[in-house]
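Single-structure report; data block below.
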Amino acid sequence: MEKDKKVLGVNMSGFFNAEIGFGEAIRNNLKALKTVDIPAKPINFNLHLRHRLNDNSVNYDDNINDHPINIVHVNMDTIGSFLQEKSSDFFKGKYNIGYWAWELEIFPEVYTEYFKYYDEIWTCSKYCLDSISLKSNIPVINIPHPINVGTEDIDQNFETGLSKDCYNFLFVFDYNSLIERKNTLGLIDAYEKAFGKNNPHVKLILKTSIPNHHPKAKEKVLSRIGDNKSIIYKEEMLRRGELLALMNQADCYISLHRSEGFGLTMAEAMALGKPVIATGYSGNLDYMTTNNSFLVKYKIVKQEDDLGVLPKDNYWSEPDTDHAAEMMNFVFNNQEYAKKIGEQAKLDINKQLSLHTIGMKMKTRLNVIENFILPERDETHVKDNLVKLMSENKILEKRVIYLEKGLYNKARKKVNEFLKKIKGR
């Protein structure tokens, strides 16, 4: 039956072998597509990437995009590098979808030039959609990240180093994502407001990557930690199963971010059944509520400085560290209640952000593209070609008439010359 017809295949390109959030997101998006029987071809891209490139869970290609639809899972600030590696030919003759994320309220004008490569943009949250769509001249569609976390993904043999004799708060961040946006220093402030220094009953674990390109940021974090022995700074690259083991052994996950496009680690912690304390602002509000998490108050403030790809004169939140400290104290003193919140979080994430749920969202949109947008575009293309062909036929017809007229005139001239010769005799 027509309804059972499979959707057109897609080429999905991005950081398939990168051990970062964007790499995990695209790998899960690929799984989500396959869950709902959409043919998907992975095409890897890692030009100039600074992160470890050791995830080999996906068998990918590097160049050939033979399906009619491209999903380019590369953010707008990296498209220049993508074009450098793949060239603009990658986009020709395809229906092109960009998968973008943006972490501030105003989308920068400088990135609007990249809309020209795409037919539409997919983005991971309503927060991102609101920001990008205000500047976009093409459709922007909200397709959240699927969350794929199960006990089988956890490395049960990994030694996390977390003590079972105290309550462990965990925050995972990457220096490349900027400590100002992640608000690492603000989290330390809130933690010390809640528990003071060197409290033997609690720990704050700050898990980060190797900050090769951010020595000043690292210096700020270590200086702020100072002599507080209850704050554990873990600077190491962990494999996927090891990171999940660390998250699974923590008692509570916390993020006092100033802004997030989506907040992957928060959603993953919730999927593991952990209570999560987080700023009640930006992309995480798509899946976090007062019923499944602990949301921290904030106020909107102006971002005064240029920070990497984040230009100044934009807006984000300033989390209330006093309220965050109250939340941390509440969770610590009401651990059974916090566990129930974590259980609700797990149920909500598994329902709202499962591979199948997000796969169906993608399939629904791809079906619209296949059944309505592409045929209309093809029809327009056929009409354009028909008009062109008719125009060419007219030109040829005129040319034939011209040639026929010329031949007739030449033949007539020859006949007249022949008749003159006869009459002359």
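Quick note: the coordinates plus some simple rules give every number you see, no bench work behind them. A quick note: this is a predicted structure, and the numbers were derived from the prediction, not measured. Positions of Cβ are generated from backbone atoms using ideal geometry, with glycine treated the same way; all protein chains shown enter the neighbour counts.
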* **Helix 240-249 vs. the chain, principal-axis angle (Cα, 0 to 90°, nearest 10)** => 30 degrees
* To do: As a check on your grasp of the helix formula, calculate [θ] at 222 nm for the chain: sum -39500 (n - 2.57) over DSSP H runs of n ≥ 4, divide by the residue count, round to the nearest 500.
  => -13000 deg cm²/dmol
* Asked: Using alpha-carbon pairs under 8 Å, 6+ residues apart, how would you state the relative contact order of segment 7-144 in percent?
  -> 21 percent
* **segment 83-125 residues near the modelled Thr364 label - backbone nitrogen below 18 Å, point 7 Å along Cα→Cβ** => 121-125
* **Exposure proxy order (Cβ contacts within 10 Å, fewest to most) of Glu336, Glu343, Glu105, Glu24** => Glu336, Glu343, Glu105, Glu24
* Just add up the charged neighbours of Glu326: K/R +1, D/E -1, any other residue whose Cβ is under 13 Å from the Cβ of Glu326. => 0
* Structure fact -> quick note, the chain, DSSP beta bridge pairs, % antiparallel (nearest 5) is 15 percent
* Asked: So in segment 213-349, what percent of DSSP beta bridges are antiparallel if you round to the nearest 5?
  -> 55 percent
* Want the number for Asn212 to Tyr233: 0.36 nm per residue separation, take away the alpha-carbon distance, what's left? -> 6.0 nm
* Asked: If you keep only loop residues by DSSP, which GluC sites (Glu not before Pro) in segment 140-218 have at most 12 other Cβ atoms within 10 Å of their Cβ?
  -> Glu159
* To do: Determine the distance separating the Cα centre of segment 288-336 from the Cα centre of segment 162-238; give it in Å without decimals.
  => 16 Å
* Asked: Using r as the Cβ-Cβ distance of Lys126 and Val301, and R0 as 22 Å, what FRET efficiency do you calculate, to the nearest 0.05?
  -> 0.55
* Asked: Which of Glu85, Glu304 comes first, and how do the rest follow, when ranked by fewest Cβ neighbours within 10 Å?
  -> Glu304, Glu85
* Work through the residues other than Lys193 whose Cβ is under 13 Å from its Cβ and net out their charges, Lys, Arg +1 and Asp, Glu -1. => -4
* At what distance in nm do the modelled label points of Ser81 and Asp153 sit from each other, each positioned 7 Å from its Cα along Cα→Cβ? -> 2.4 nm
